[in-house]
Every structure is written in C-alpha cells, then in structure tokens.
Amino acid sequence: MEFLSQKGVEFTEKNIRTDLDAMQEMVKMGSQATPTTVIDGETIIGFDRDKISDKLGI
C-alpha cells in the first residue's frame with residue numbers, strides 16, 4: 001500500500017484478518033495470498049510493481 005500512496009493513487013484497503021466479507025471476496029476471486037490487488041477488474045496476486053504500474057499508467 002505504501003507504493004500506491006507514494007504514487008498518489010487512491011485505493012480501498014481491506015483487511016482480511018478483521019473483515020470476513022473481504023476474505024470471502026478474495027477467495028471468490030481465486031486468491032488465497034496477500035496482497036491481492038484488483039485494477040479495472042484484473043486481479044494481481046502478490047506485489048508486482050511493474051504490472052501494477054502498467055495497469056495504472058504510472
């Protein structure tokens with residue numbers, strides 16, 4: 001999340017440890033790993049700086 005904040009990107013953070021709905025949402029997307037990032041409907045599992053930057057155009 002620090003990466004997105006540094007780039008001035010607005011995002012919604014969901015904590016799967018405290019939010020059961022968020023955990024279920026992540027599992028429905030096919031992910032059981034964190035971080036899981038969704039950009040324009042595309043799920044990115046793990047921190048992939050290049051892929052995130054490319055999707056956001058930053």
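The values are calculated or read from the model by the stated rules, or taken from the named source; none is laboratory data. All of these numbers come straight from a predicted model, not from anything done at the bench. Don't worry about glycine lacking a Cβ; one is built from the backbone with ideal geometry, like all the others, and counts go over all protein chains shown.
One table, with the values for the structure above:
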| quantity | calculated |
| --- | --- |
| Index of the failed condition, ILE45 passing every other in (1) in contact with a Pro (Cβ under 9 Å, 6 or more places away or on another chain); (2) surrounded by fewer than 14 Cβ atoms within 10 Å (Cβ to Cβ); (3) modelled with pLDDT of 95 or more | (2) |
| All positions within segment 2-38 that are in contact with a strand residue (DSSP E or B) (Cβ under 6 Å, 6 or more places away or on another chain) and not polar (S, T, N, Q) | MET26, MET29, ALA33 |
| Qualifying positions in segment 1-18 - outside any loop (DSSP other than H, G, I, E, B) and either of a type in the set (Asp, Glu) or surrounded by 10 or more Cβ atoms within 10 Å (Cβ to Cβ) (or both) | GLU2, PHE3, LEU4, SER5 |
| Residue check for GLY30: at positive phi, modelled with pLDDT under 95 and under 12 Å from the mean Cα position of the chain (by Cα) | no |
| Close pairs from segment 35-58: first farther than 15 Å from ILE16 by Cβ and charged (D, E, K, R), partner surrounded by 11 or more Cβ atoms within 10 Å (Cβ to Cβ) and at pLDDT 95 or above, Cβ under 8 Å, at least 6 apart | ASP40/LYS55; GLU42/LYS55; ARG49/PHE3; LYS51/ILE44; LYS55/ILE39; LYS55/ILE44 |
| Counted residues, segment 24-42 - those being charged (D, E, K, R) and surrounded by 12 or more Cβ atoms within 10 Å (Cβ to Cβ) | 1 |
| Residue count, segment 25-58 (criterion: closer than 17 Å to MET1 by Cβ, among the small types (Gly, Ala, Ser) and not in a helix (DSSP H, G or I)) | 3 |
| Checklist (1) more than 10 Å from the chain's Cα centre (by Cα); (2) of a type in the set (A, V, I, L, M); (3) under 25 Å from ILE58 (Cα atoms) applied to VAL38, failing item | (1) |
| Failed criterion for ASP21 (all others in (1) surrounded by 11 or more Cβ atoms within 10 Å (Cβ to Cβ); (2) part of a helix (DSSP H, G or I) hold) | (1) |
